[in-house]
Amino acid sequence: MKILVTELTDSTFDKFVDDNSIAVVDCWAPWCGPCVRMTPVIEELSNELSGSAGVAKLNVDKNPAISVRFGIRAIPTLLMFKDGVLVETLVGLRSKEDIMEYIKTM
Amino acid sequence: MTTDVVIIGCGPAGLQAGIHSSRKKASTVIIGKLQNSALHGAHIENYFGISGSADGSDLLEKGMEQALSFGCRHIGMNVTAAAKEGDLFRVTTESGEEIVCRSVIIATGISRKKLNIPGEKEFLGKGVSYCAECDCNFYKGLRVAVIGDESKAAVSSELMTRYASEVYWVSERILADGRLVDKASGAGVKIITGTPKEVRGKANVESLLLTGGPEIGVDGVFIELGGKSSSDLALDLGVMPETDDTLKVNNSFETSVRGVFACGDITGEPWQLAKAVGEGAAAGHYAAKRAKDMK
């Protein structure tokens, strides 16, 4: 069954990161071609990691506070947290296999 | 104008597609610059029927002559936009000319995106970007440099004037259409002739060093080489590229969108002349067939 990817906002971001031992947040915008191409990758990750990691999306256009807090200057950017601590920031379009490799090391 | 087939890219795949399409009496327009093909300047030793070494530039010029002799029209420019309109497609060149077609073939090859200069990799996401359209909003009121010689740099630098306080377009030799250059200049872009040598900064980008010494103080460096990327063109036409920038095709070299074909390096490895030519022949054949079947 396909699971919809959680859409975060500036106000729900912190709770999501706190609630998931491993949290992966895809910072994106709808006009960004590479972000659109990343969408199916994030959906697959969300399905495959269901129960073991939290995968979510954050629209940087509607939620600028998180972009400012993490100094985001390019999208797509993947923020990866372990027990609430930012451990990896991946910039640019990535394959599912590439992202999985990073998650395995967390 | 309306035509049967538009081919974007004029390397060996695009030219062979043009030859086969026009031989099937389909009106065909090839858009692209010969010098942007990976074959240009290369030496070929492993192509069927060639003994010794053949000059890639010669092959391209002869291929273009062949395509033109069969009735193809060639526009030596980049494509700046593409769109799906019902069963048809609209392709726009950098001079603003719009061509409506029944089939479109993407034969752009694999685009070079990176400059490979010191600081480029280190500051990715910290001031270095490969997509002005994606990241322009993060540079409101800041100073940026846009690097590139062709239409993508022209369009991106003009776009950045709507966000950044200062926009420098750094080019070794401007190859974009004059209208795009005028538009960028008119919007306030400062054009600097030079070769980027190093991106410098501490936590984020602080300057761009050029060969010979000049250093430009900037907060962002946008690397925008060549024309609109094949992936962006594909997305505009409704085709989702793979994460490695290749396009999936079926046995007729048609993508997931009916009427959009792809051939050559863009469909994946091996990046070989023989593969490009073979795929171009098939794509040209099926694109012409689709256009004729629509009439």
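A few comments on the model shown:
- Ranked packing of B:10-18, B:141-149, B:287-295, most packed first, by mean Cβ within 10 Å: B:10-18, B:141-149, B:287-295
- Ranked by the mean number of other Cβ atoms within 10 Å of their residues, highest first, the peptides B:78-84, A:78-84 fall in the order B:78-84, A:78-84.
- Per DSSP, loop trypsin sites (Lys or Arg not before Pro) in segment A:1-79 with at most 16 further Cβ within 10 Å: A:Lys2, A:Lys62
- Solvent-accessible ranking of A:Glu48, B:Glu85, largest area first, probe 1.4 Å: A:Glu48, B:Glu85
- Only helices enter this figure: runs of n ≥ 4 DSSP H residues, each worth -39500 (n - 2.57), summed and divided by the residues of the protein assembly as shown, yield -8500 deg cm²/dmol at 222 nm to the nearest 500.
- At least 50 Å² of accessible area lost relative to the chain alone, listed for segment B:118-140 with a 1.4 Å probe: B:Gly125, B:Cys134, B:Phe138
- Share of alpha-carbon pairs per 10 Å distance bin for segment B:128-223, given as whole %: 18, 54, 26, 1
- Solvent-accessible area buried by B and A, counting both chains, probe 1.4 angstrom, square angstrom: 1600
- Only Cα pairs under 8 Å and 6+ residues apart enter the sum, and on that basis the relative contact order of segment B:128-223 stands at 33 percent.
- Residues along segment A:23-44 losing 40 Å² or more of accessible surface when the other protein chains are present rather than the chain by itself (probe 1.4 Å): A:Trp31, A:Arg37
- Among beta bridges that DSSP assigns inside the protein assembly as shown, antiparallel share in %, nearest 5: 45
- The protein assembly as shown: Cys lacking any partner C-beta under 4.7 angstrom: A:Cys27, B:Cys10, B:Cys72, B:Cys101, B:Cys136, B:Cys263
- Span from the segment A:1-72 Cα centroid across to the segment B:199-260 one, whole angstrom: 23
- Measuring heavy-atom accessible area with a 1.4 angstrom probe and counting protein chains only, the residues of segment B:215-243 that give up at least 30 Å² relative to the chain alone are B:Leu235, B:Met240, B:Thr243.
- Share of carbon and sulfur in the accessible heavy-atom surface of the protein assembly as shown [1.4 Å probe, %]: 50
- Under 5 Å, built H, 5+ apart or other chain: amide partners of B:Gly194: B:Ser171, B:Glu172
- In order along segment B:181-194, the Karplus-derived 3J(HN,Hα) couplings, from 6.51 cos²θ - 1.76 cosθ + 1.60 at θ = phi - 60°, round to 5, 4, 5, 5, 4, x, 7, x, 5, 9, 8, 10, 8, x Hz, and Gly and Pro are given as x.
- Per DSSP, loop GluC sites (Glu not before Pro) in segment B:1-71 with at most 14 further Cβ within 10 Å: B:Glu45
- The value given for chain B is a Kirkwood hydrodynamic radius of 19.8 Å, derived from the mean inverse Cα-Cα separation.
- Close amide H partners of B:His74, meaning residues 5 or more places away or on another chain with modelled amide H under 5 Å apart, are B:Ile30.
- Nearby lysines by direct alpha-carbon distance to B:Lys24 (threshold 27 angstrom, same-chain neighbours under 8 apart not counted): B:Lys33, B:Lys62, B:Lys84, B:Lys248, B:Lys275, B:Lys289, B:Lys292, B:Lys295
- For B:Ile105, the residues 5 or more places off, or on other chains, whose built amide H falls under 5 Å of its own are B:Val6, B:Ile7, B:Ile8, B:Phe261.
- Taking all protein chains into account, the per residue accessible area for the protein assembly as shown stands at 44 Å² (1.4 Å probe).
- Nearest-20 debye value, segment B:128-223 charge dipole, Cβ charges on Lys, Arg, Asp, Glu: 140
The values are calculated or read from the model by the stated rules, or taken from the named source; none is laboratory data. As the structure is a prediction and not an experimental result, all values here were calculated from the model. No Cβ is skipped: glycine too gets one built from the backbone with ideal geometry, and neighbour counts run over all protein chains shown. To get the accessible areas, we keep the full protein, side chains included, count just its heavy atoms, and leave off ligands, DNA and RNA. Shrake-Rupley method; radii C 1.70, N 1.55, O 1.52, S 1.80 Å.
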